[in-house]
Structures are given as C-alpha cells and as structure tokens.
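The values are calculated or read from the model by the stated rules, or taken from the named source; none is laboratory data. All of these numbers come straight from a predicted model, not from anything done at the bench. Cβ placement follows ideal geometry from the backbone for every residue including glycine, while neighbour counts extend to all protein chains displayed. The accessibility values were calculated without ligands, DNA or RNA, using every heavy atom of the protein model including side chains. Shrake-Rupley method; radii C 1.70, N 1.55, O 1.52, S 1.80 Å.
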Amino acid sequence: MIRVRFAPSPTGFPHVGNIRTAMFNWLFARRHGGKFIVRVEDTDQNRLVSGALDSILEALDWLGLQWDEGPNVEGPYGPYFQSQRLRHYESITDQLVKEDQAYYCYCTPERLTCMRKRQQSLKQPTGYDRHCLNLSSPEKDKMHGASKTRVIRFRMPNDRSIILEDLIGGKVSWDSNLLDDFVILKSDRYPTYHLANVVDDHLMEITHVLRAEEWLPSTPKHLMIYQALNWNAPLFGHMPMILGPDKSKLSKRHGATSALEYKEMGYLPEAMINFMALLGWSLDDHTEIFSQQDLVKGFSLDRVVKSAAIFNKEKLDWMNGLYIRSMDLDDLTVRLEDYWKEFPDQALSIPNNVSRDYLLKVVSLIQERLKLLSEAQELTGFFFLDDTDLEIMELIQKGMDAEVTFLALNVTLNELRAMDSFNVQNLEKCLLDINTQLKLSRKQFLGMLRIALTGKKISPPIFETMEVLGRDRCIRRLELARSWLS
RNA sequence: GCCCCCAUCGUCUAGUGGCCCAGGACACCAGCCUUUCAAGCUGAAGAUCAGGGGUUCGAAUCCCCUUGGGGGCACCA
C-alpha cells in the first residue's frame, strides 16, 4: 500500500508551491490506490501563526484534494500533529544518546554564531565543531548540571558516502564529512524537522516522500538518521521548484502566492489544478486540458521534470477562461453566486427581486467573455442598475453631433414602442433598418445605443442585451439619454 | 565561502542516439469573422537545443569542462 504525506507547517499561508507539492502527492496516491496523509509539522512553537492551518486545509479543500488521514480525519497512525507526538521523539533521542549516536550539546547561540563566522572567513565549510562531543566526562557532568539549555545533536559518522536514488532527480551523492552534527532535539524538548519527519514517516509507514527540491540538501541527514535507527528509508522524490518571473523562489514580492488569493481573484479550482499539474509535469507532447480524473489516470512521477518552472500567469488566465466557457450555464451561475457570497466586495449588487431566469440570461451573455469570476461585476453591472444610475459618457459618436444623435434616439424610441415582440430577431431587423434609414455607420448607431443602454463602450452584443433588459427599461434608458442631450 | 541540483522558442513543455536544420500550448503579431469587447478560425514570427570539448557512421539526447541560474548550509520548516 502506497502511503504519501503532505507535511505543512502552520506558520503561514498556503503557498502555491506547497500546494502543488500537496497536489502531486495526492495525484500519486490516487493514481496508485494509496493513502494521502496530512501531517502538521508544528514543532516550531515560536513561529506558529493562528489561522494558518485552517487556511492551508481550506486551500486543499478548495482544490478537492481530500486527505485520508490527518486533521479532522482520524486514522490508525495518529495523532497527526507533531506537537502531540513528543514522546516518540523523546524515546528515539534517548535511544540514540544511549547508543552514542547522538549527544548533548551545551553551546550557547553566541558561541555557535562566532564559530560560523570564523569558518566563513577561513573559507571552510560551516558546521558544528563537535566542541561538546569532545568534552571529558567530568566536564560533561558539570555542564549537564549547570546548564539549563541543552540540545541533542546527531553524531554524523565520518567517511561515509551517502547515496540517494531520487525518484525524480536520479542519483545524488554526498560525503558525510561535509555534514555536521545537527540538532535533533531543541532545548524546548521539541524535535527539529530533521528528526521529526524521519520518526513520523517511519511510524506512519510512509512509502514515498515527495517534497520540494529545497529539501534535497537535508536529505542526507535524514538518510543517516534512518541508518542509525536501522530503519528502511522511504523512497524520495524531489519536486522542482516554482519560481517567480525573475527566476527566484516564488515569494510575496511576485504578487499572489497564496492559493486562496487565487480563489479570491476568481480562478476556478479545476483550472488551478490543471495549470499547476502542467508546471513540472506533462502527459505527452500535446495534451493541455485535463479533468481531475484524467490527471489521476495519467499521472506518473517519471514524467515530472527536474528543472524549476516559472509561474506563467497568462496561461492560467487563458485556461481559466477556457474552463468558464466550457461550463454549463447553470453551473457557472451557481459558481458565481457562491463566489459573490464568499467575496461580497466583488459581487454585483443584485436587487432582491431579480429572478433566477434573468440572472441566467445575463450570465449567458458574459460567459464567453469571462476569464475570472471576479470580472462579472464589471461586465454586467448595468443589468442590475437603476436606469437613472447609469453614467452616460461619450454618447455622441464620432462623426455625429447632438442633433443627429437626438434624431436617431427619437426614431429608435418610436420604432421600439411600436415593435411587436421585443426579441433579438425583431430588434435586429428593426434597428438595422433604422440604421440604414439614418445613413449612419453601424459603429455609430449601435455604438450610440450601447452607450445609452449600458453606459459602457464595451458590452455584450447589443440586441441580446436589449432583449434581456426588456422593452420598458430600454425605452426609459433611451429617453434618459435623449433628455441628457438637451 | 562550502555543498547539492538544474540548463530546448519570452513562458510552460515534447524530445531518452538516426523519425528533429526540433513538435505542441500560452503570450505576441497579421488576416478573417464582426455591432463594441471577447470568443472562434487561419497564418506568421519565435530555440544555431547555454558555450566548448569529446564518444559515435550519426547527439538536443551519452561523458567531461566552462558559464549561467536555482536551492541549501539555524535550537525554521
């Protein structure tokens, strides 16, 4: 049984890089009928951010990445919060100390900083100098009694060649002499990441560790802990990073980096999933659009690339528009309503008496013009505004003057009043006739109507728009426009 | 400074020794459509496969070096 995990630390928002890693884990688990576990790495008590975990889980939830074990989903390997698993780490460190594979260190932060500086200036590799390992027994006893702050360090064996067969990167090797005796248990009795992730991955029977490439340099440390404990290490796969447009690690200064910001901006989860999957993975040389099921079916680690990718927002935009266009009208309308409910400041102010039917008609007119859910407000506001609230600017078209415009509005008003059924076909026929009679270009005449009826230079096709608005409102708006002329 | 990773159009990528003087997608440009904006369609442009050495009958594909980029070197994860 394949078991993979996503191990977020609740110290910040759900970064898209992390969320993509979560997604690859999820895909891998689903592809192979395995389990996807969320484990909360809350061992840094100083950096905990309240609400961070909730937003991380919310992001997973938004994207439909359901976990099989983890917060709110009890499983046989719990608890899934590292802060609740301290006894495990303690018993392991006790064992390692007893076996001389780890030792207490009493060095002050000041001494360590100073040591590091010296090494830098001497152009040596930086790392702990084993000062406390080399303490004599009486010295140790003395320090142990006197010092209130002590940590436990892993004793890195000398002269070992450490080899990793990475699932994505291939063979990578390190020389253990370049690795130092790193801390595994902090002075507050919490483990460091290095220890905790090894202990938990083992105890939770994780089979594949798929994590970001930034972890690659610390993997030899983890491998050595597995070895010291005589445990089989899981398989590792290091995912390429996501970079900002300047090719540095994606960060806040590049704009949105939280998955939930994308939700707020009006991206669809299915577009987000599809787009992120293509950042570092491909099925073949031509497939771009995937349903979640296709993705699960087609996903494989050996098609994950090694090189980092730049987050290409233009392509995401295109893809989001594509998904919006391919949706059922009802579905899109429901999505918009949900979106407006969640982000009221981006919502239309829709009067209570608007019928569902009217809403559907409006949405149908903007569906293929929408790239983001958030754009609906700007595109359709005039459908819901009171007639008197329209702002009429530039009513008089190029090559026309107030007089001609006035006349055109007059003629149009008369015809519209007399028209039979107020539908697209009749409107088109009638208005194009008037257009011809008036000897105006379509651009002039229809442009004028557009401004008078919508207050905008850009709108859905004007005949459709008029049908949806209905005769009464069209006539009122044209009358208002006419009155503004004089 | 030390360690590790990476390197194909602006961007995401296909490519695992001959099918490639390199294919697809986004963006860009042009044309068509047209009532504005989109959408759609058609087409164009865009990569001497980072550079240099090898190996081979043959290299984007294998090896080495250089350069460039990235990541890591905490009692953070």
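Residues in segment A:95-110 that are within 16 Å of RNA strand B (Cβ to nearest atom), loosely packed, with under 13 Cβ neighbours inside 10 Å and in a loop (DSSP other than H, G, I, E, B): A:THR108 only. Of all residues in segment A:169-193, those that are within 25 Å of A:PHE28 (Cβ to Cβ) and open to solvent by less than 40 Å² (accessible area, probe 1.4 Å) total 3. Residue by residue through segment A:317-337, note down the ones that are over 11 Å from A:GLY266 (Cβ atoms) and more than 19 Å from the chain's Cα centre (by Cα). Residues satisfying the conditions are A:ARG325, A:SER326, A:MET327, A:ASP328, A:LEU329, A:ASP330, A:ASP331, A:LEU332, A:THR333, A:VAL334, A:GLU337.
If you go through segment A:240-266 and keep only what is at pLDDT 95 or above and out of contact with any strand residue (DSSP E or B) (no Cβ under 8 Å at 6 or more places or on another chain), you end up with A:LEU260, A:GLU261, A:TYR262, A:LYS263, A:GLU264, A:MET265, A:GLY266. Among the residues of segment A:292-307, the ones that are near RNA strand B (Cβ under 9 Å from one of its atoms) and surrounded by fewer than 17 Cβ atoms within 10 Å (Cβ to Cβ) come to 5 in all. Inspect all residues belonging to segment A:249-262 and state whether any of them is assigned to a loop (DSSP other than H, G, I, E, B), surrounded by fewer than 17 Cβ atoms within 10 Å (Cβ to Cβ), within 12 Å of RNA strand B (Cβ to nearest atom) and not assigned by TED's automatic domain parsing to the domain that holds A:VAL151. Yes, segment A:249-262 contains a residue that is assigned to a loop (DSSP other than H, G, I, E, B), surrounded by fewer than 17 Cβ atoms within 10 Å (Cβ to Cβ), within 12 Å of RNA strand B (Cβ to nearest atom) and not assigned by TED's automatic domain parsing to the domain that holds A:VAL151.
Just so you know, in segment A:47-58 the residues that are in contact (Cβ under 8 Å) with a residue 12 or more places away in the chain and either touching a Ser or Thr at 6+ places or on another chain (Cβ under 8 Å) or part of a loop (DSSP other than H, G, I, E, B) (or both) include one that is most open to solvent (accessible area, probe 1.4 Å), and it is A:ARG47. Can A:HIS286 be described as in contact with a Phe, Trp or Tyr (Cβ under 9 Å, 6 or more places away or on another chain), over 22 Å from A:LEU65 (Cα atoms) and open to solvent by 40 Å² or more (accessible area, probe 1.4 Å)? It is false that A:HIS286 is in contact with a Phe, Trp or Tyr (Cβ under 9 Å, 6 or more places away or on another chain), over 22 Å from A:LEU65 (Cα atoms) and open to solvent by 40 Å² or more (accessible area, probe 1.4 Å). Just a yes or no: is a residue in segment A:420-442 modelled with pLDDT under 95, in contact with a Leu (Cβ under 6 Å, 6 or more places away or on another chain), not in a helix (DSSP H, G or I) and not assigned by TED's automatic domain parsing to the domain that holds A:SER364? No, that holds for no residue.
Checking each residue in segment A:88-109 for being of a type in the set (Val, Ile, Thr) and over 24 Å from A:HIS202 (Cα atoms) picks out only A:THR108. Taken over segment A:161-195, residues that are among the β-branched types (Val, Ile, Thr), near RNA strand B (Cβ under 7 Å from one of its atoms) and either outside the structural domain of A:THR126 (by TED's automatic domain parsing) or closer than 28 Å to A:LEU86 by Cα (or both) amount to 2. Scanning segment A:125-144 for residues that are open to solvent by 80 Å² or more (accessible area, probe 1.4 Å) and under 40 Å from the mean Cα position of the chain (by Cα) yields a single hit, A:PRO125. Pairs are defined by a Cβ separation below 6 Å, a sequence spacing of at least 6 or placement on different chains, a first member in segment A:390-418 that is open to solvent by less than 70 Å² (accessible area, probe 1.4 Å), and a second member that is part of a helix (DSSP H, G or I) and among the polar types (S, T, N, Q); the pairs so defined are A:GLN397/A:GLN444; A:MET400/A:GLN444.
Residue count for segment A:152-162, restricted to those that are β-branched (Val, Ile, Thr) and farther than 13 Å from A:TYR128 by Cα: 1. Report yes if A:LEU432 is surrounded by 15 or more Cβ atoms within 10 Å (Cβ to Cβ) and not charged (D, E, K, R), otherwise no. Taking the combined requirement at face value, the residue does not satisfy it. Of the residues A:ILE92, A:ILE19, the single one that is assigned by TED's automatic domain parsing to the domain that holds A:CYS105, within 16 Å of RNA strand B (Cβ to nearest atom) and open to solvent by less than 50 Å² (accessible area, probe 1.4 Å) is A:ILE92. In this structure, is A:ASP61 open to solvent by 60 Å² or more (accessible area, probe 1.4 Å), away from RNA strand B (no atom under 11 Å from the Cβ) and not basic (Lys, Arg)? For A:ASP61, the condition - open to solvent by 60 Å² or more (accessible area, probe 1.4 Å), away from RNA strand B (no atom under 11 Å from the Cβ) and not basic (Lys, Arg) - is met. All conditions but one from (1) in contact (Cβ under 8 Å) with a residue 24 or more places away in the chain; (2) exposed (fewer than 13 other Cβ atoms within 10 Å of the Cβ) apply to A:ARG87; the one that does not is (1). Take A:SER349 and tell me if it is touching a residue at least 24 places away in the same chain (Cβ under 8 Å) and of a type in the set (S, T, N, Q). Taking the combined requirement at face value, the residue satisfies it. The residue of segment A:13-46 that is farthest from the chain's Cα centre (by Cα), among those that are assigned to a loop (DSSP other than H, G, I, E, B) and under 12 Å from A:LEU57 (Cα atoms), is A:ARG39.
Selection of segment A:150-168 for residues being under 17 Å from A:TYR103 (Cβ atoms) and open to solvent by less than 80 Å² (accessible area, probe 1.4 Å) yields A:ARG150, A:VAL151, A:ILE152, A:ARG153, A:PHE154, A:MET156, A:PRO157. In segment A:277-291, the residues that are more than 6 Å from RNA strand B (Cβ to nearest atom) reach residues that are modelled with pLDDT of 95 or more with C-beta atoms within less than 6 angstrom, at least six apart or across chains, in these pairs: A:ALA277/A:LEU295; A:TRP281/A:ARG303; A:TRP281/A:VAL304; A:LEU283/A:GLY298; A:PHE290/A:ASN274.
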